[in-house]
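The values are calculated or read from the model by the stated rules, or taken from the named source; none is laboratory data. Bear in mind the structure is a predicted one, so any value in this text is a computation, not a measurement. Positions of Cβ are generated from backbone atoms using ideal geometry, with glycine treated the same way; all protein chains shown enter the neighbour counts. We work out accessible area using only protein heavy atoms, side chains counted, and drop any ligands, DNA or RNA first. Shrake-Rupley method; radii C 1.70, N 1.55, O 1.52, S 1.80 Å.
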Amino acid sequence: MAESIVEVERLSKHVSTGDGTLVILHEISFSVSYGETVAIVGASGSGKSTLLGLIAGLDLASTGSVSLNGRQIGTLSEDQRAELRGHLIGFVFQSFQLLPTLSAIENVALPLELMASERPVARAEAMLQRVGLGQRLKHYPKHLSGGEQQRVALARAFAVAPKLLLADEPTGNLDPVTGAEIIELMFEMNREAGTTLMLVTHDETLARRCGRTLHLVAGKLVDY
């Protein structure tokens, strides 16, 4: 097994614009060990979400490399990257990213079905019970509050038993009280599952709950 679940080496991302080249990330290097909790912090536009997308293989770097669980994702096809994500990563987004035409239990069961897991509906129901939504199994996202939608998203993320959880501003669309409840639940479930957590946030208080913090300033990793 690889020593680290995430290995980032001299990672850069830039895009061409009408005014020249926009540098989003510049030669980022770090590694994340199995079971770590890591916060990625920085001002808006510092490259936090771009970095998370590159780690997940949702986008590809301009230069440098990302390895997940010992596999360099830049060498994989789009289908291979999707397969790796499906078996390795759980996602929690600021905007929940639930499918509006599926009920809560269908949203949670879908990734399990795609993985050909045994008893996906039963497993989905158990996860929704775990996040306190046992009475909302057949509700559609539009009939759920923001906090309830994020609980569904947590259930979906942990249902696949991921080795790595990527959370991008998971409380950004929630009021402070609901956000605090979601964070408590996420850290609790993360401890129970022994998952590696990488959390993008602008909230320094939340970042301090993680074992380590990576600071991005204008696309560069800086030491504090």
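Test residue 37 against the criterion of being β-branched (Val, Ile, Thr) and over 26 Å from residue 212 (Cα atoms), and give yes or no.
Considered against the rule, which asks whether it is β-branched (Val, Ile, Thr) and over 26 Å from residue 212 (Cα atoms), residue 37 comes out as no.
For residue 22, are the conditions met, namely being over 26 Å from residue 183 (Cβ atoms), open to solvent by less than 60 Å² (accessible area, probe 1.4 Å) and of a type outside the set (Gly, Ala, Ser)?
The answer is no for residue 22.
With a cut-off of at least 1 residues that are of a type in the set (Ser, Thr, Tyr) and open to solvent by 20 Å² or more (accessible area, probe 1.4 Å), name the helices (runs of 4 or more DSSP H) lying wholly within the range 100-200.
Filter on the range 100-200 gives 176-193.
Does at least one position in the range 15-32 carry a residue that is within 24 Å of residue 150 (Cβ to Cβ) and modelled with pLDDT of 90 or more?
Checking the range 15-32: at least one residue is within 24 Å of residue 150 (Cβ to Cβ) and modelled with pLDDT of 90 or more.
For the range 6-19, give me the residue count where each residue is open to solvent by less than 80 Å² (accessible area, probe 1.4 Å) and either within 24 Å of residue 85 (Cα to Cα) or among the charged types (D, E, K, R) (or both).
6
Which one of 35, 57 is open to solvent by 40 Å² or more (accessible area, probe 1.4 Å) and either within 28 Å of residue 189 (Cβ to Cβ) or in contact with a Pro (Cβ under 6 Å, 6 or more places away or on another chain) (or both)?
After ruling out the rest, the residue left standing is 35.
Of 80, 97, which residue is in contact with a helix residue (DSSP H, G or I) (Cβ under 8 Å, 6 or more places away or on another chain), polar (S, T, N, Q) and open to solvent by 40 Å² or more (accessible area, probe 1.4 Å)?
That would be 97, the only listed residue that is in contact with a helix residue (DSSP H, G or I) (Cβ under 8 Å, 6 or more places away or on another chain), polar (S, T, N, Q) and open to solvent by 40 Å² or more (accessible area, probe 1.4 Å).
Looking at the range 61-99, which of the residues that are touching a Ser or Thr at 6+ places or on another chain (Cβ under 6 Å) and part of a strand (DSSP E or B) is farthest from residue 164 (Cα to Cα)?
Ranking the candidates gives 63 first.
How many residues does the range 201-224 contain that are part of a loop (DSSP other than H, G, I, E, B) and under 16 Å from the mean Cα position of the chain (by Cα)?
2
Among 52, 68, which is the only one that is out of contact with any helix residue (DSSP H, G or I) (no Cβ under 8 Å at 6 or more places or on another chain), under 26 Å from residue 192 (Cα atoms) and either surrounded by 14 or more Cβ atoms within 10 Å (Cβ to Cβ) or among the acidic types (Asp, Glu) (or both)?
None of the others qualify; the one that does is 52.
Considering only residues that are in a strand (DSSP E or B), among the aliphatic types (A, V, I, L, M) and under 16 Å from residue 218 (Cα atoms), which ones fall in the range 1-60?
Correct list: 11, 15, 22, 23, 24, 25, 28, 40, 41.
Kindly evaluate residue 42 against the criterion of being more than 22 Å from residue 87 (Cβ to Cβ) and either crowded, with 16+ Cβ neighbours inside 10 Å or touching a Gly at 6+ places or on another chain (Cβ under 9 Å) (or both).
Answer is yes for this residue.
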